[in-house]
There are 2 protein chains.
Amino acid sequence: MYEGERPKGFRDLTPELMIVRKKVISIIEKVFQSFGFDPIETPAIEYWDTLAGKYGAEAEDRLIWRFQDPLSGRWYALRYDLTVPLARYMKSHQDVPMPFKRYHIAPVWRHEEPQRGRYREFYQCDADIVGSQYPEADAELIELAIKAIDSIGFTEYTFKVNDRRLLSGIFEEEIGLENPIPVYRVIDKLDKIGEEGVRKELQDKMTETTVEKVIKTISLRGKPLEVLREIRVKYGGNKNITEALNHLEEMFNLIEDPRVSVDLSLVRGLDYYTGPIFEVFLEKPRIGAIAGGGRYDNLIGMFLKQSIPATGISLGLERLIDAVIDLGIIKDRRESYTEAYVVYLKPELIKQAWKVASRLRDAGIPTRVDLIRGSPKKQAKRANRLGVKYIVYIGEREVKENRITIYNTLTGERREYTLEEFIGGPAGGG
Amino acid sequence: MYEGERPKGFRDLTPELMIVRKKVISIIEKVFQSFGFDPIETPAIEYWDTLAGKYGAEAEDRLIWRFQDPLSGRWYALRYDLTVPLARYMKSHQDVPMPFKRYHIAPVWRHEEPQRGRYREFYQCDADIVGSQYPEADAELIELAIKAIDSIGFTEYTFKVNDRRLLSGIFEEEIGLENPIPVYRVIDKLDKIGEEGVRKELQDKMTETTVEKVIKTISLRGKPLEVLREIRVKYGGNKNITEALNHLEEMFNLIEDPRVSVDLSLVRGLDYYTGPIFEVFLEKPRIGAIAGGGRYDNLIGMFLKQSIPATGISLGLERLIDAVIDLGIIKDRRESYTEAYVVYLKPELIKQAWKVASRLRDAGIPTRVDLIRGSPKKQAKRANRLGVKYIVYIGEREVKENRITIYNTLTGERREYTLEEFIGGPAGGG
């Protein structure tokens, strides 16, 4: 019934898309490595028990791809993110030297309703530091994310920072709130429903005076050290708040980027954060958060029944790619890596064409030889459709004189070379 | 019950393994690209209907990871190889210009019984040419595989070639066999059970004289053009055989590697091959086939109900990696990409350490700053355990004099530099 159909909500990545993706991934990876993060991979599949109870009700009931293996009867799940698998990894590899700085770039699967721009399989690029409770670990992740996003070529974005301890402390002081999670859920919708929307939804939960106090609290934003000073003046007597302020001040002492601000309306969707949280918003195009993360000191050690501090950042590859394409950041869009195409003018010249192609490849020029025969005109047409830079003609005269004729598709120039001239000259970048 | 356990038969890839893998993958990828193959990706998941009936009974009943989605009731399967997904891709993208040369490096999943060296998730590296029925397409894949295997650093291997049409033609001529598939299955075990084993298993199926004819046929091996000549002399009257011989002769006309031989005992496990088939065997270590492939003209078009010629080769990444490690082909085994580690002698110097690290990273040197505080001695111990080349010391005197002290862990030398001297000198490779 579905034979030969692509599953709904899933994509194929064509060469044209893959070439952009690989470029962006390679930039991110290089930045991750430059900060001393090393790659790991974990299986696509985990036991359902490992994922169960970690992501909240919606994920559990609807979003995790889980299944019972008909052969063994066991329940498995496709990984939902890269963080719980990291916690599981830490249990499987207890000899890992701390701090453990790993990156992991890989697909995750979510059972979303298929819709434009939302996929059931998408990549995350995560860098995490396991084993450091200190502010410099959080600061490093902020610097890392900025470096990665800058390196891709983005300039107009804002880097928002908050701290779960600040928010909960202030709510405790101001309105005596013990469990702030339901309030976080409402605040998290601020971007979508606006301040009025948040006000309305909060009114179901608390008195009008309290609502206004929440709104006032989350309106606090600005230059990091200024905002922190303001909070310290007002709530310096609260132990949790002071702890957060000290942590954040040490952290910001290491960060000097004007795009970084403290914003008390930032809450992040996930429940497990315990300290600083961050989110990066692209200003142009306005596609929402392109990266997010924070400190989660209780998650990594859960399978080991001990507390292991950790902090991490995740770049959303799909949004980054969309924005890269949208903004034309990567100029040189191509459908193929191929740079040269060897056209042979007579069937019996295939062996010579073959040898020339082999030499060009050895010289670092990705080269195709025509593989479906036909007239030189048809071969050249295929070369052009592929967008190659050089069409290399091999005719009887060329073979006799030990030369090749090159048509440069960019300049329209046609010239004869010996192979050595061509490799050492135009094709070698000379 | 299984919470926090790694699923049986699955692996984690540690940084140490990942660094070797990424090196091998990058070599393979570069060779694929140099021949004009471009990357695609398809989803990890396909509809079960798409995979059903394509791989034979064992795969169907036992090896494919299939599951019914509890939310939709639909049957899905994890991809079993990269070839059937390519056929599905060709249906989803009918505008792809032909010939379509794609590569795909990705994990596949098989429900194997967990045992040493056999995993339920492993990578394949496939290059396929869709849309050419000509021998030069097969020849290109042979050249591509040789180039890739050579580039990784292997030297002692044999590249066996056969053709399904040759085998079936000779069996038809010699023993009047109409369906040779059951005989192929027995021959396929030759490596495992030896000639005597094959003889014994065949005796259940045919007379002793016939068995000896089969044994004699599959004993035919040697230099490609010589073996082909021998077959032509003997069976030149058979149309299928002649067709195969013409195809193979044109193909070998383009291949001049002494490691390539024709070997009539090669049959390949899969049923779908229609022409030349190949398999590459490493001689040292003797771990069996590291690559295999062949022509399969009926598979790609099956979802389009038309015939589309195709030929492909698949490199088995896991075996290649095992052999690379076993033979010590990649000398520089590392647990981390990190090259420099900044140790700061007093807590208040962290900001200076930070700045030096940032400069080193910008100069292309992957650098860590210590993130868990403690004495300089402890910091240096962590640096050493990581295997870095340079330990960079930042003390009060260094800051005052605007210098850094570098301990080279390879030479044991300790020296002072300005940052510029260091970046321009030892760290810059000068």
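Here, each number is a calculation from the coordinates, and none is a lab measurement. What you see is a predicted model, and the numbers here were worked out from it, not measured in a lab. Using ideal geometry, Cβ is built from the backbone for each residue, glycine included, and neighbour counts are taken over all protein chains shown.
Structure summary
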| read-out | value |
| --- | --- |
| Compactness of the protein assembly as shown as Cα Rg over 2.2 N^0.38 Å, two decimals | 1.07 |
| Electrostatic dipole magnitude of segment A:340-428 [Cβ: Lys, Arg +1; Asp, Glu -1; Cα centre; debye, to 20] | 460 |
| Using a Förster distance of 25 Å, the FRET efficiency for residue A:271-residue A:207 (Cβ separation, nearest 0.05) | 0.45 |
| Extension gain (nm, one decimal) between residue B:221 and residue B:283, 0.36 nm per residue minus Cα-Cα | 20.6 nm |
| In order through segment B:39-53: 3J(HN,Hα) via Karplus (6.51 cos²θ - 1.76 cosθ + 1.60), integer Hz, x for Gly, Pro | x, 9, 9, 10, x, 5, 10, 10, 5, 4, 4, 6, 8, 4, x |
| Gyration tensor (alpha-carbon) shape descriptor, segment B:1-141, a/c threshold 1.5 | oblate |
| Segment B:285-399 - percent relative contact order, Cα under 8 Å, separation 6 or more | 25 |
| Global geometry of segment A:340-428, whether rounded, prolate or oblate, following the gyration tensor of its Cα atoms and the 1.5 cut on a/c | rounded |
| Label-point separation in nm, residue A:396 to residue A:384, each point 7 Å along Cα→Cβ | 2.6 |
| Residue with peak Gaussian network fluctuation, chain A [Cα springs, cutoff 10 Å], from A:386, A:254, A:299 | A:386 |
| Count of lysine pairs in segment A:164-272 with Cα separation under 26 Å (8 or more residues apart, or interchain) | 22 |
| Relative contact order computed over segment A:1-130 (Cα-Cα under 8 Å; 6+ residues apart), in percent | 28 |
| Highest-MSF residue in chain B out of B:320, B:270, B:410 [GNM, Cα springs under 10 Å] | B:410 |
| Peptide A:389-400 - average C-beta neighbours from other chains (10 Å radius) | 0 |
| Choice from A:96, A:31, A:227 showing the highest fluctuation, given a GNM over chain A with Cα pairs closer than 10 Å | A:96 |
| Closest approach to the B/A rotation axis among chain B Cβ atoms, residue and whole-Å value | B:67, 2 |
| For the protein assembly as shown, calculated [θ]222 nm from helices alone, where every DSSP H run of n ≥ 4 adds -39500 (n - 2.57) | -12000 deg cm²/dmol |
| Per-residue mean of C-beta atoms belonging to partner chains within 10 Å, peptide B:360-372 | 5 |
| Fewest-first sequence of A:300, A:350 by Cβ atoms within 10 Å of each Cβ | A:350, A:300 |
| 7 Å along Cα→Cβ, label-point gaps from residue B:284 to other copies, nm, shortest first | 6.3 |
| Only Lys, Arg (+1) and Asp, Glu (-1) charged, at Cβ; the protein assembly as shown dipole about Cα centre in debye | 860 |
| Shortest-first distances to equivalent copies, position residue A:351, nm, label 7 Å out along Cβ | 7.3 |
| Shape call, segment B:236-286: gyration tensor on alpha carbons, a/c limit 1.5 | oblate |
| Ascending list, in nanometres, of distances separating the residue A:196 label from those of the other copies (7 Å, Cα toward Cβ) | 9.0 |
| Burial order of peptide ranges A:131-137, A:338-344 (average beta-carbon count within 10 Å, highest first) | A:338-344, A:131-137 |
| Residue A:220 long-range amide H proximity, modeled H, under 5 Å | A:264 |
| Karplus-derived 3J(HN,Hα), 6.51/-1.76/1.60, for each residue of segment B:351-359, Hz, glycine and proline x | 5, 5, 4, 4, 5, 5, 4, 4, 5 |
| Options A:411, A:52, A:68, ranked by Cα towards positive dipole end of chain A, top entry (Cβ charges) | A:411 |
| Additional length obtainable on full extension of the chain from residue A:71 to residue A:306, 0.36 nm per residue less Cα span | 81.1 nm |
| Distance between modelled label sites at residue B:118 and residue B:156, nm, 7 Å Cα→Cβ extension | 2.7 |
| Dipole moment magnitude, nearest 20 debye, chain A about Cα centre, only Lys, Arg, Asp, Glu C-beta charged | 2060 |
| Dipole of chain A, positive direction: furthest Cα of A:187, A:425, A:294, with charges on the beta-carbon | A:425 |
| Cβ crowding within 10 Å averaged over residues, with B:362-370, B:188-196 ranked highest first | B:362-370, B:188-196 |
| Stretchable slack from residue A:57 to residue A:259, in nm (0.36 nm times residue separation minus alpha-carbon distance) | 69.2 nm |
| Per-residue mean of C-beta atoms belonging to partner chains within 10 Å, peptide A:27-39 | 6 |
